[in-house]
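Structure first, then comments.
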Amino acid sequence: MTAALRTRRTPLRLLLAAGAAALLLVALDRAFPPPLPGADAFATVVVAADGTPLRAFPDADGVWRYPVSVDDVSPEYLTALVEYEDRWFWHHPGVNPVALLRAAGQWMTHGHVISGGSTLTMQVARILDPHRRSLPGKLRQVLRALQLEWRLSKREILELYLNHAPYGGTLEGVEAASWAYLGKPARAMSRAEAALLAVLPQAPSRLRPDRHPDAARQARDKVLARLAGREVWPATEIDDARLEPVVARRLAPPRLAPLLAERLRSANPGAARVQSTIDAALQAHLEERVAREFARLPARTSAALLVVDNATLEARAYVGSLDFTDAARVGHVDMIRATRSPGSTLKPFLYGLALDDGLVHSESLLVDAPQRFGDYQPVNFDPTFNGPVSVADALRLSLNVPAVDVLDRMGPARFTARLAHAGLTLRFPRGAAPNLSMILGGTGASLEQLVGAYSALQREGLAGRVRYTPTEPSQDRRLLSSGAAWIIREILERRPDDPRGGAFDTSTRPRIAWKTGTSYGFRDAWAIGTTPRYTVGVWVGRPDGTPLPGQYGAITALPLLLDVIDGLPRDALAARARTQPRDVQAVEICWPLGLPPDPQAPGFCHLRRNAWALADSLPPSFPEREARTWGAGVLRVEVDAVTGRRLSATCAHPHASRRVEIARWPNLAYPWLSSEQRRASAIPPLSADCVDDALSRMENLRIDGPREGSVLARAPGSRAAPTVRLRALGTASRVQWLVNGRLAAETRGARPWTHVFDAPGEQRITALTEGGAWSDLRVRVLP
């Protein structure tokens, strides 16, 4: 073979050798790939709207590691890191030969390491593939670094360091370290803090600022000195940074809104970072406020609080239990999601839907008196009855009997379906159907669904599902018409110290439309309020469902609700005047008919009221359930033109007659009417020569007992309160006995009832039949 031929083949051989070497390297790289972390390498961290960690869940090895990108980290930190650790990072191929040779020479001269020769890429290689400090280990580290440079960009390698560098204990990554030691995100570090966290991975155990602040400060100042020598930062800035003390917080994982964080983690399996809508500062304040407010409550008691922005239905605060760590209070149970008896909190929706159905207006006449609906007889939370009341007063006072009356006319199944359509799904015991007790709490609902429904009062009747992440889709459903929502809100907006109403001074506090509720047996206490900007719900009770005697919505939950709302951020929306919807009209109506005054029949107007009504809908007072000619409404009778006495169909003598019309109140309302109102609706007596008619056969009830105005006193020498035996004469039906408006007993026919008058002063005793016949007497009890 000639020399020329050999010369020509040499480049080819070199090329083939290089190709073979490259293929070998590729094969080795494929056979022994670097152990790059997967998507599940991070702790799951749930963050607030501004990025503040709410709660972090460690990875399978118990390591706290929060995902972060280069863009999420302070430029000051990146500068300090690269300048101190590897100033040629952006230019070398993963290994810096000059640095390696310098480190090797120092080691051979001094016998120990003076300066490291590792690049940031080599440090990442060692983090991902740990090895012993030996010559084979260093060679392996170099090869891994070359692999990383082959496979990844410089930015990707830097992000691996930012997320996996050790920072002491179970902390890895600069974001987790910044929150743990500094209480702030990595993007917000000062220059002194950036220098500290840049050096900390060199010896995380020895330099931990929470344990060794002096050593940490010396290491930080060493970084600052190097940056000063290279004139990376201005000298004045470095001098200021040296003066900044090293102050580290006690290492503890974040735990704000822990139950929501757990919920969002379960809803987003595998996600390293879940962003919520929570306001971190507000959340921290309200968690402390709830704990302070309810720490005095009995054992096993918990509480829940939810704050929602009406504009987006995004949750701003989520307190799912009184204390997440308190096992005795069952703190791990999320009471925002729990199904509980809603007490009276459904009443605003009942009256709102009745407005939309044309059943009532705001001043429709209802009767708060003992009534029976089939086999169901409701009583008020306070057993006192109020007689004739308006829809507005019945809602403000949370009266039970009027609410059951309206639900009975609407239909429980229809009411349930309307709520379900709007996203408020009520739960009934297995096999049970919607029934009248549901409006008093005989069903189940969750706090978050109630808050979503109450927001409709500020959102023109649109209810919606509460959102906990920015990406969660909105789900709005029509609950009420905009007019009905406006009227119900007007009814519920009143000063807490004046349940019958009162204007808000919007310069000092926002308008609040609020409602409380208490379930049967004091198991659940509720308060839900809504302002133009926020809707807030509070629940207090025991997660195990046992009673909490003496704790009810108005005294347990309402004070916190008002306190929270008064402390929420305010804006111009809260104080601006609101426009009355076009479909709402202000109208004067008259009781007992519930209609506008009729100039042609002034006698029909016994009591004037100013009402809100939906346009083209002005319903009259409810008719009596049982058709009676003497019931509510207009009664038309023939009377003698001279004497004014009533004429029946059969009279002994002819009479010149005329027709009169009388506006009648509902029968059950009469015991509460004034004498003037009774006279205005009295039925004229029957003429002596006429045969009894249906009106004459109305029960004529009277009380057998003490005479009107009697004075009752204890027997001489006795401490026992006076006792009286009473009977209702003139009826064979059921008789309800009221003392000063409070239900005291029930008898049938003329069966006697004995009452002990243990309270001194004027006492009014009323006997009332289901048909509306009544009688009363007044006595005075001496002290």
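The values are calculated or read from the model by the stated rules, or taken from the named source; none is laboratory data. Predicted model, so just to flag it, every value in this text is computed and none were measured. Cβ sites come from the backbone with ideal geometry, for glycine too, and all protein chains shown count toward neighbours. The protein model used for the area step is the full one, side chains on, heavy atoms only, and it has no ligands, DNA or RNA in it. Shrake-Rupley method; radii C 1.70, N 1.55, O 1.52, S 1.80 Å.
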Contact list, first residue from segment 745-770 and under 15 Å from residue 370 (Cβ atoms) and at pLDDT below 85, second anywhere and basic (Lys, Arg) and open to solvent by 40 Å² or more (accessible area, probe 1.4 Å), beta-carbon distance below 6 Å, six or more apart or interchain, is 770/734
Inside segment 402-419, the number of residues satisfying the requirement of being aliphatic (A, V, I, L, M) and open to solvent by 50 Å² or more (accessible area, probe 1.4 Å) is 2
Considering segment 196-225, residues that are basic (Lys, Arg) and assigned to a helix (DSSP H, G or I), and then whichever is surrounded by the most Cβ atoms within 10 Å (Cβ to Cβ), we arrive at 220
Within segment 235-286, the residues that are part of a helix (DSSP H, G or I), polar (S, T, N, Q) and surrounded by fewer than 21 Cβ atoms within 10 Å (Cβ to Cβ) are 236, 266
Within segment 618-648, residues being within 16 Å of residue 664 (Cα to Cα), open to solvent by less than 70 Å² (accessible area, probe 1.4 Å) and either at pLDDT 95 or above or not in a strand (DSSP E or B) (or both) number 7
Restricted to segment 747-775 and to residues being acidic (Asp, Glu) and over 20 Å from residue 707 (Cβ atoms), the residue most open to solvent (accessible area, probe 1.4 Å) is 758
If you go through 58, 53, 67, 37, the only one that is within 30 Å of residue 260 (Cβ to Cβ), modelled with pLDDT under 90 and in contact with a Pro (Cβ under 9 Å, 6 or more places away or on another chain) is 58
Scanning segment 166-189 for residues that are in contact with a Leu (Cβ under 9 Å, 6 or more places away or on another chain), surrounded by fewer than 18 Cβ atoms within 10 Å (Cβ to Cβ) and either at pLDDT 95 or above or assigned to a loop (DSSP other than H, G, I, E, B) (or both) gives 169
Pairing a residue in segment 442-465 that is touching a residue at least 24 places away in the same chain (Cβ under 8 Å) and open to solvent by less than 10 Å² (accessible area, probe 1.4 Å) with any residue that is of a type in the set (Ser, Thr, Tyr) and part of a helix (DSSP H, G or I), where Cβ atoms lie under 6 Å and the two sit 6 or more apart in sequence or on different chains, gives 461/482
Residues of segment 734-744 being in contact (Cβ under 8 Å) with a residue 60 or more places away in the chain, part of a strand (DSSP E or B) and closer than 19 Å to residue 721 by Cβ, in sequence order, are 738, 742
Those residues of segment 377-409 that are at pLDDT 90 or above and part of a strand (DSSP E or B) come to a total of 4
By residue number, the members of segment 331-375 that are of a type in the set (A, V, I, L, M) and part of a helix (DSSP H, G or I) are 350, 353, 354, 355
Taking segment 127-138 and keeping only residues that are open to solvent by 70 Å² or more (accessible area, probe 1.4 Å) and modelled with pLDDT of 80 or more, one is left with 130
For segment 704-746 the number of residues that are among the hydroxyl-bearing types (Ser, Thr, Tyr) and crowded, with 17+ Cβ neighbours inside 10 Å is 1
When segment 385-399 is checked residue by residue, the ones that are surrounded by 21 or more Cβ atoms within 10 Å (Cβ to Cβ) and of a type in the set (S, T, N, Q) are 390, 398
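Every residue, every condition in (1) over 30 Å from residue 532 (Cα atoms); (2) loosely packed, with under 14 Cβ neighbours inside 10 Å; (3) out of contact with any Phe, Trp or Tyr (no Cβ under 7 Å at 6 or more places or on another chain), yes or no:
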site	(1), (2), (3)
582	no, yes, yes
585	no, no, yes
591	yes, no, yes
608	yes, yes, yes
612	no, no, yes
616	no, yes, yes
When segment 649-678 is checked residue by residue, the ones that are within 29 Å of residue 734 (Cβ to Cβ) and in a loop (DSSP other than H, G, I, E, B) are 665, 666, 673, 674
Exception for residue 299 within (1) over 21 Å from the mean Cα position of the chain (by Cα); (2) surrounded by 17 or more Cβ atoms within 10 Å (Cβ to Cβ); (3) over 26 Å from residue 771 (Cα atoms) falls at (2)
(1) open to solvent by less than 70 Å² (accessible area, probe 1.4 Å); (2) farther than 16 Å from residue 441 by Cα all hold for residue 599 apart from (1)
